[in-house]
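Just so it is clear, none of the values below were taken in a lab; they were calculated from the coordinates. Here the structure is a predicted model, which is why all the values come from computation and not from measurement. Here Cβ is always computed from backbone atoms with ideal geometry, including for glycine, and neighbour counts include all displayed protein chains.
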Amino acid sequence: MNLHLLYRISFFAMLSFLFVSCKTNPIPEKAKAVENFDVNRYLGTWYEIARFDFYFEKDLNNTTAQYSLDEKGNLKVLNRGFHVKDKEWKQAEGIAKFRGEPNVGALKVSFFGPFYSGYNVIALDSAYQYALVAGKNLDYVWILSREKSIPEDIKQQYLTLAKEIGYDVSRFIWVEHDQNDSSSVKQEEQAK
């Protein structure tokens, strides 16, 4: 087969996959994004406490997400983590936009140009210290905290909610936070 033809077929197959995946519902059926969401209180650094593993975070621990606003009011996203096999820090920059009203925690996030996926804050304490975030389907979910740990009662509350939505909570990977990264501190200071 002609190599050029093979590249074209692969390219169109990838576009078809992305088109179909972008057309799916951006939130699991039983999940509901929080209301009275205040994006300004959500800004800053969040530690990833637990997640379902997937390709882009495979073999990462010490993972964090830093959120800031761009000039259009969208969320700039900087995800960082320590790759345990490569023994180095990795990062990805993205953008998140509200899918509707800015007082509802229903967003879409992209790290790859025009292709977005669901990012839904489905539980959030009143002090904006702990969050449960659902992706577009039951394969994506995160527990976040402003600190490197989470109280047991909040953990159990979020696990119960995740189960009610349909998540298999046995799939959670509990993230270690045992590395110091001075560049993340510098980046956080620059973001202020």
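Numerical summary
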quantity	calculated
Over region 24-191, equivalent-ellipsoid semi-axes from the Cα gyration tensor in Å	22, 20, 16
Karplus-derived 3J(HN,Hα), 6.51/-1.76/1.60, for each residue of region 100-109, Hz, glycine and proline x	x, 5, x, 9, 10, x, 9, 10, 10, 10
5 angstrom amide H check on VAL104, placed H, neighbours 5+ away	PHE37
³J(HN,Hα), Karplus 6.51/-1.76/1.60, whole Hz, each residue of region 66-81, x for Gly, Pro	10, 10, 9, 9, 8, 5, 9, x, 7, 8, 7, 10, 10, 9, 9, x
Residues with amide H under 5 Å from that of ASP53, placed H, sequence gap 5 or more	ILE173
Trypsin sites (Lys or Arg not before Pro) restricted to region 67-174 and DSSP loop, no more than 11 other C-beta within 10 Å	LYS72, LYS85, LYS87
Flagged links, alpha-carbon separation over 25 Å, of LYS97/LYS163; LYS58/LYS136; LYS58/LYS87; LYS30/LYS97; LYS30/LYS85; LYS87/LYS108	LYS97/LYS163; LYS30/LYS85; LYS87/LYS108
Placed amide H near GLU147: partners under 5 Å, 5+ positions off or other chain	TYR47
Full-extension gain in nm, LEU69 to ASN103, via 0.36 nm per residue minus C-alpha separation	10.7 nm
